Amino acid sequence: MKKLKAATLVTALLIFIVGVWAQNKSPLALKQTIPVPGLTKEGDFDHLTMDLQGQRLFVAGEDNSVVEILDLGAGKLVHTITDVKAPHSMVYRADLKKLFVVDGGTGEVKIYDTDSYKRTGSIKLREDADSMAYDPSTKYMYVVNGGEGAKMAYSFISVVDTTAGKSLADIKIDSDAVEALALEKSGARLFVNMTGKDAVAVVDREKHTVINTWPTAQVAKHLIAMSFDEAGHRLFVTTRTPGKLIVLDTDSGKVVTSLPCVSDNDDMAYDSASKRIYISGSGFVDVYHQKDADHYDQIGHVATVFKARTSVLVPELKKYYLGIPHHGTTAAAVRVYDVVPD
């Protein structure tokens, strides 16, 4: 009888330990670190873009004036594009085998052949061209340019036709600082983080005009990253003052809820299949689970390194890639994480 009780106690203890482990299991598991050698200056990476078919990752080395190309299969750097000044965001078109790089230092979108990596053209915009959103149905890029960096009191979102290789129109935004954008697929709206106004602008992409403005300063200030749950009618934005994840209702523009997040954040991704939100910032990646449209739980606070703020989620591969810039004794690299299911 004592042996039976002891066995029962051990079994119960194991079940408890496994249960605690499952609750505390990290949503990201570090799989690989790919070195990015040869960077001479300390400084940040900006955004990352995936070539899914070719298993390449394009990394904007903003402060080192390079675009780094990594072969993910081989796990190594295979090429460096050097004729850029301050690359920020990128679009890769597999059908054209072309990479479109937004270069804020020269105020243009530069176009590269991705077999030879030679520049084949450029589309002139204004200084401080930075973030963008891409519409795969029209093949249009919506590129932020102008603003404070161009010594202007307002910004523009330029509509760039990547097929024709030209700028089609400009949408004026009444803010000297604009960050991330998100496109509505089922309609004509474009959501814009007006960082200089602590608000989200709603743009009609067909009329090229701002049709609404949703304030967020009552919750937090300095909007940075953005992602969109179109099916759930929820827009996600991050702030830095303080670090917050804010959830907005895209029917009313009202704030639904907010949660703390890493303060020095820069990138965010929403995965509709797993109902997860990933936010990368200096030192941490915060991960949230969407219980329903109005309720969210933080399920991860994954420690990374200083200034590792930019990332890309690739749901098709169940991978998460995080840029590790060269700072101090930390060598530049890209960390590859497996996405761990619930």
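Determine whether G104 is touching a strand residue (DSSP E or B) at 6+ places or on another chain (Cβ under 8 Å) and modelled with pLDDT of 95 or more. Yes; evaluated as a whole, the condition is true for this residue. Regarding S65, is this residue among the hydroxyl-bearing types (S, T, Y), modelled with pLDDT of 95 or more and more than 26 Å from G281 (Cα to Cα)? Considered against the rule, which asks whether it is among the hydroxyl-bearing types (S, T, Y), modelled with pLDDT of 95 or more and more than 26 Å from G281 (Cα to Cα), S65 comes out as no. Filtered by the rule that a residue be open to solvent by less than 10 Å² (accessible area, probe 1.4 Å) and of a type outside the set (S, T, N, Q), the stretch 306-320 gives A308, V314, Y320.
For the stretch 176-192, filtering for residues that are in a strand (DSSP E or B) and of a type in the set (A, V, I, L, M) leaves 5. For M152, the conditions (1) surrounded by 15 or more Cβ atoms within 10 Å (Cβ to Cβ); (2) closer than 29 Å to V255 by Cβ; (3) of a type outside the set (S, T, Y); (4) in contact with a strand residue (DSSP E or B) (Cβ under 8 Å, 6 or more places away or on another chain) all hold with the exception of (2). Taking each residue of the stretch 180-202 that is farther than 20 Å from N145 by Cβ and looking for partners that are hydrophobic (A, V, I, L, M, F, W, C) and open to solvent by less than 10 Å² (accessible area, probe 1.4 Å) with beta-carbon atoms closer than 6 Å, six or more apart or interchain, yields R189/V202. Scanning the stretch 70-85 for residues that are assigned to a strand (DSSP E or B) and either within 18 Å of L317 (Cβ to Cβ) or in contact (Cβ under 8 Å) with a residue 40 or more places away in the chain (or both) returns L70, D71, K76, L77, T80. Within the stretch 236-266, the residues that satisfy the criterion of being hydroxyl-bearing (S, T, Y) and either touching a residue at least 40 places away in the same chain (Cβ under 8 Å) or under 24 Å from V203 (Cα atoms) (or both) are T238, T239, T250, S252, T257, S258.
Filtering the stretch 215-240 to residues that are surrounded by fewer than 20 Cβ atoms within 10 Å (Cβ to Cβ) and either of a type in the set (A, V, I, L, M) or farther than 23 Å from S311 by Cα (or both) leaves P215, A217, Q218, V219, A231, G232, H233. Look at (1) part of a loop (DSSP other than H, G, I, E, B); (2) in contact with a strand residue (DSSP E or B) (Cβ under 7 Å, 6 or more places away or on another chain); (3) open to solvent by 50 Å² or more (accessible area, probe 1.4 Å) and you find that K207 fails only one, number (2). Restricted to the stretch 295-342, the set of strands (runs of 3 or more DSSP E) holding at least 3 residues that are in contact (Cβ under 8 Å) with a residue 12 or more places away in the chain and closer than 11 Å to S280 by Cα comprises 295-303, 311-314, 319-324. Restricting attention to the stretch 241-260, the residues being within 24 Å of L48 (Cα to Cα) and open to solvent by less than 20 Å² (accessible area, probe 1.4 Å) number 3. For the residues A269, A231, the requirement of being touching a residue at least 24 places away in the same chain (Cβ under 8 Å), hydrophobic (A, V, I, L, M, F, W, C) and part of a loop (DSSP other than H, G, I, E, B) singles out A231. Residues in the stretch 137-175 that are of a type in the set (A, V, I, L, M, F, W, C) and assigned to a strand (DSSP E or B): M141, V143, V144, F156, I157, V159, V160, L168, A169, I171, I173.
Every condition in (1) open to solvent by 60 Å² or more (accessible area, probe 1.4 Å); (2) modelled with pLDDT under 95 is met by L52 except one, and the failing one is (2).
The values are calculated or read from the model by the stated rules, or taken from the named source; none is laboratory data. Model, not experiment: these values are computed from the prediction. We place every Cβ from the backbone using ideal geometry, glycine too, and count neighbours over all the protein chains shown. Side chains included, ligands, DNA and RNA excluded: accessible areas come from the protein's heavy atoms. Shrake-Rupley method; radii C 1.70, N 1.55, O 1.52, S 1.80 Å.
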